[in-house]
Each structure stands twice: as C-alpha cells, then as structure tokens.
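The values are calculated or read from the model by the stated rules, or taken from the named source; none is laboratory data. Because the structure is a prediction, the values reported are computed rather than measured. In this analysis, Cβ positions are derived from the backbone assuming ideal geometry, glycine residues included, and neighbour counts consider all displayed protein chains. Areas reflect the complete protein model, heavy atoms only, side chains present, ligands, DNA and RNA absent. Shrake-Rupley method; radii C 1.70, N 1.55, O 1.52, S 1.80 Å.
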Amino acid sequence: MQIETPPTEKPYAPREGERRGLLIVNTGDGKGKSTAAFGLALRAHGRGKPVKVYQFIKPDGARFGEHRVFEQLGIPVEGLGDGFSWKSKDLDHSAELARAGWLRARADILGGQFFMVTLDEITYPLIYGWLPLDEVLQTLRDRPKDVHVVLTGRRCPPELIALADTVTEMALVKHAFRAGIPAQRGIED
C-alpha cells in the first residue's frame with residue numbers, strides 16, 4: 001500500500017448546471033448493483049422524497065431482507081418476476097410478468113408522483129428480448145424533468161449507458177461464491 005497525502009484543496013470547481021432528475025445505471029459483473037440502488041432509495045426516503053422500487057426478477061410477495069426493511073419504512077417495492085430464469089417453469093410466463101410489470105413502472109415514471117423510481121435488474125428482461133429497448137429509452141427521455149430513475153443489472157445495453165447521466169460498473173475482483181461459499185441470508189438476500 002502506498003501512503004498518500006490528503007488533498008487540502010477542493011479537487012473540482014462548483015457546478016453551475018441545472019438540477020434535474022438523473023438517470024443512474026449500476027451494471028457490471030461485481031456484487032453491489034442492487035445494494036447501491038437501494039442505498040439511493042433509502043437516502044431519498046430519508047429526505048422525505050417519495051420513492052418506488054420495482055424488481056424485475058424477484059417475485060411479488062418476496063420476503064428478502066430489503067423487502068422487510070422497505071415495508072418497515074413505508075417504501076413501496078414490487079416484485080415483477082418469478083425468480084431466476086433457470087428456475088422458471090415457463091419462460092413465456094416470465095416474459096409476460098416482465099411486460100406487465102414494465103407497464104406499471106412506466107406509468108409511475110411518467111406520472112411524476114415519485115422523486116425516484118428504481119428498476120432493479122431491468123437489464124435481464126431487456127437483454128432477453130422481453131421488453132422493447134426503444135420503448136424503455138423513450139420513456140426515460142419523456143419522464144418529468146425532476147424524476148430520477150435508477151437501473152441495475154449486468155450487461156446493460158450500450159444505448160442505456162449512452163443515455164444515462166451516471167454509470168457505475170461494478171467489477172468482480174473476488175467473490176465468496178466462487179470459492180464454494182453458498183449464498184447467505186442477510187448478504188445475498
């Protein structure tokens with residue numbers, strides 16, 4: 001490790017631009033995409049801003065850790081899927097769930113009643129061809145100017161990355177699962 005001298009001057013000039021709703025993407029093969037998105041939802045909620053979380057893979061009624069705390073805090077979260085694709089009994093049904101869920105998420109994005117809408121794991125129904133990318137892009141362009149949208153998932157389409165204001169790619173350096181350690185409650189769910 002190299003020791004560094006802490007900066008004593010601000011490393012950037014103040015920004016003069018207009019504050020507006022941001023399009024934020026968390027993608028990549030590393031862990032933490034959804035966790036970071038949920039952190040933004042909690043931050044906004046803590047400031048009294050209305051937020052909504054849509055999860056495109058998790059089923060409606062799921063009781064993972066984030067669902068329990070969102071419920072305690074009064075943050076609405078909707079599961080729109082039926083689990084991982086390899087567990088699906090009917091991928092056509094999985095696609096239908098994603099399309100129906102997208103219509104609800106789209107209405108909330110365009111409706112403007114939420115400060116932030118999180119579209120967790122939306123990249124999967126996009127890359128599987130279950131959702132029309134052009135419609136998603138147009139919805140994001142047409143959203144009210146103060147609505148922030150956070151999207152997560154691996155292999156984010158380049159068109160979404162180009163449209164986004166902030167993109168973070170989580171890089172996989174090391175993961176316990178690859179070392180044979182199974183998923184654990186409170187860490188993965």
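Odds and ends about this structure:
- Those residues of segment 138-175 which are of a type in the set (A, V, I, L, M, F, W, C) and closer than 19 Å to THR35 by Cβ, in sequence order: VAL149, VAL150, LEU151, CYS156, ALA164, VAL167, MET170, ALA171, LEU172, VAL173
- Of all residues making up segment 153-169, the number that are charged (D, E, K, R) and part of a helix (DSSP H, G or I): 1
Okay, residues lined up against (1) part of a loop (DSSP other than H, G, I, E, B); (2) over 13 Å from the mean Cα position of the chain (by Cα):
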position	(1), (2)
ALA95	no, yes
ALA105	no, no
ASP108	no, yes
THR139	no, yes
PRO144	yes, yes
LEU151	no, no
ALA171	yes, yes
ILE181	yes, yes
GLU188	yes, yes
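- Residues in segment 63-95 that are open to solvent by 30 Å² or more (accessible area, probe 1.4 Å) and under 22 Å from ALA107 (Cα atoms): GLU71, GLY74, PRO76, VAL77, GLU78, ASP82, HIS93.
- Answer residue from segment 96-107, given it is in contact (Cβ under 8 Å) with a residue 24 or more places away in the chain and surrounded by 20 or more Cβ atoms within 10 Å (Cβ to Cβ) and is nearest to VAL53 (Cα to Cα) among those: ALA105
- Some residue of segment 43-51 being open to solvent by 20 Å² or more (accessible area, probe 1.4 Å) and either modelled with pLDDT under 95 or acidic (Asp, Glu) (or both): no
- Residue within segment 72-79 that is at pLDDT below 95 and assigned to a loop (DSSP other than H, G, I, E, B) present: no
- With respect to the conditions (1) within 27 Å of GLU169 (Cβ to Cβ); (2) open to solvent by 60 Å² or more (accessible area, probe 1.4 Å); (3) not hydrophobic (A, V, I, L, M, F, W, C), PRO157 lacks only one, and its number is (2).
- From the options PRO144, PRO125, residue that is touching a residue at least 40 places away in the same chain (Cβ under 8 Å) and out of contact with any strand residue (DSSP E or B) (no Cβ under 7 Å at 6 or more places or on another chain): PRO144
- GLY129 vs. criteria assigned to a loop (DSSP other than H, G, I, E, B) and of a type outside the set (Lys, Arg): yes
- Any chance GLY17 is at pLDDT 95 or above, open to solvent by less than 70 Å² (accessible area, probe 1.4 Å) and assigned to a loop (DSSP other than H, G, I, E, B): no
- The set of residues in segment 112-154 that are farther than 18 Å from ILE75 by Cβ, open to solvent by 40 Å² or more (accessible area, probe 1.4 Å) and among the aromatic types (Phe, Trp, Tyr) comprises TYR128, TRP130.
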